[in-house]
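Inspection log for the structure reproduced underneath, given as structure tokens.
Each value in this text was obtained by applying a stated rule to the coordinates, not by laboratory testing. On a predicted model such as this, the values are computed, not experimentally measured, just so you know. Cβ sites come from the backbone with ideal geometry, for glycine too, and all protein chains shown count toward neighbours.
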Amino acid sequence: MTAAARPSPKPLILVILAVLLLFPIYYLPIWWVSLTAPNYPVEAFPDGVKIHFHMNGVFNGCAAVQKAEIQEEECLDCVHEMDTINHYVGMYPIAAGGPIENSFSIFLMAMLGVMLLGYIMPTPRARTLLLGGGFALVALWMSVVMFAPGGLKYHNAKYLSARVAALGQAGENDEADLTPGEAVIARLKASLAASGVEPANDDDGRSQKERDIAFLRDAFEASQKSLAIQETWTGSGLQLIAWHYRSSLARYFNDPTKIEPMVEKMTTAAKVLYAVILFAMVVLTVGARRTHGLFHRLLILIPLTLPALFVIEYALWLRWYGHHMNSMGAFTLKPFMPTVFGQGKVAQFTTNSYPHIGFWLMLLFSALLLLAIISERGREAVHEGEREA
């Protein structure tokens, strides 16, 4: 093999750097939204009522205000505050948005990582082995989490904490000495106790993830007491998606005739997405054996579109919120499209919607992959010219 025919390290390095970016992209906020209004003065709400969108959920974007005239022991829970504002016009809680995407995102990110590593394998055999082995591990992990009893213990801890926090938003926090996380747990405990469920003792050496799963189980069992057909807790990811989606939809607008069909559709969509992911893994493993063929190139072209896919998904969910408002709201608004990017106006509220650090890392991720493709195509053109000469 001549020096010119040896694989160039440049595309390989660029792709590996992109793969490493998948970790911070998953854990960092990708987009932020805030509401500002005269009744939320900038002195007390410097960023307005602000929330952060992550791959695995929506989190509080407000920080405690520390000024001479204001001393907050804990920051306002702005996810709860925005839900409270939105429900007056019939909007469903934020936790009702993207339940499947939030749950499957960690498996999809792992799948993208395997695809990119498979792309840079030098031979079809090595590529097939890596894709087959990597996809098999992702498929096994996803299957256990979604369908196996107790599968939630293998899910992402931050995803589970977001589900607990959403449940804890049902009441007000009267415990000034608690952190926001402890306040959520305290509210959930009080809610469970009122339902006749005694939560397990926290001081038993369990991890935060184990305690979160225990609280989700207790809340699930408490919710079953009011149902004609009761379900047994299995601790699977699919069960959590359906139950948590139902609970989120019913927080302000408990209308089973509308909610149950929505839950059935979401559960079916989750099963379909699971099957599509498995099918895609098989097709890519078999099809990518031919170097520089269509399926080989899809291993890098699909991850390249990650920022666009996020924006499309985000916009579709915003449209769903603006066009599926419950008639039980205190005020009636015509269906509308919330602002995807920039500043908008809804009633007396100004809305702000902009990328956060995770999205800029997504763009860097795509730029690295694009540079890898350009570098490789340039090298192929040089070799083609040498062969013709």
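With r defined as the distance between the Cβ atoms of LYS10 and THR305 and R0 fixed at 35 Å, what FRET efficiency is calculated, to the nearest 0.05? All intermediate terms of the calculation are to be shown ahead of the outcome.
Values: r = 22 Å, r/R0 = 0.63.
Step by step, r from the Cβ atoms, then E = 0.95.
Going highest first, how would you order 87-99, 12-24 by mean Cβ packing within 10 Å?
On the way: 87-99: 21.4, 12-24: 17.6.
Most protected by this proxy first, the peptides run 87-99, 12-24.
Suppose the chain between ARG297 and THR268 were pulled fully straight at 0.36 nm per residue; how much longer would it get relative to their current alpha carbon spacing?
Taking 0.36 nm per residue and subtracting the Cα distance, the gain is 7.3 nm.
Given a Förster distance of 30 angstrom, what is the FRET efficiency for GLN348 paired with LEU316, based on the Cβ-Cβ distance and rounded to 0.05? If you can, show how the numbers build up before the last one.
Working: r = 27 Å, r/R0 = 0.89.
The formula returns an efficiency of 0.65 here.
Quick check on the range 23-146: take the gyration tensor over C-alpha atoms, sort the square-rooted eigenvalues as a ≥ b ≥ c, and tell me if it's rounded (a/c under 1.5), prolate or oblate. Intermediate values should be presented prior to the final figure.
Numbers: a/c = 3.85, a/b = 2.56, b/c = 1.50.
Verdict is prolate for the range 23-146.
If you take the beta carbon distance between TYR27 and ARG206 as r and set R0 to 25 Å, what does 1/(1 + (r/R0)^6) give as a FRET efficiency, to the nearest 0.05? List each step's numbers first, then the result.
Numbers: r = 23 Å, r/R0 = 0.91.
After rounding, the FRET efficiency stands at 0.65.
Normalising by the residue count of the range 39-160, find the relative contact order in percent from Cα pairs under 8 Å and 6+ residues apart. Walk me through the numbers before you get to the answer.
Working: 109 pairs, mean separation 21.4, N = 122.
The value is 18 percent.
Under a point spin-label approximation (7 Å from Cα along Cα-to-Cβ), what is the ALA64-THR257 distance to one decimal in nm?
4.8 nm
What is the distance in Å between the Cα centres of the range 71-120 and the range 14-36?
Going from one Cα centre to the other spans 13 Å.
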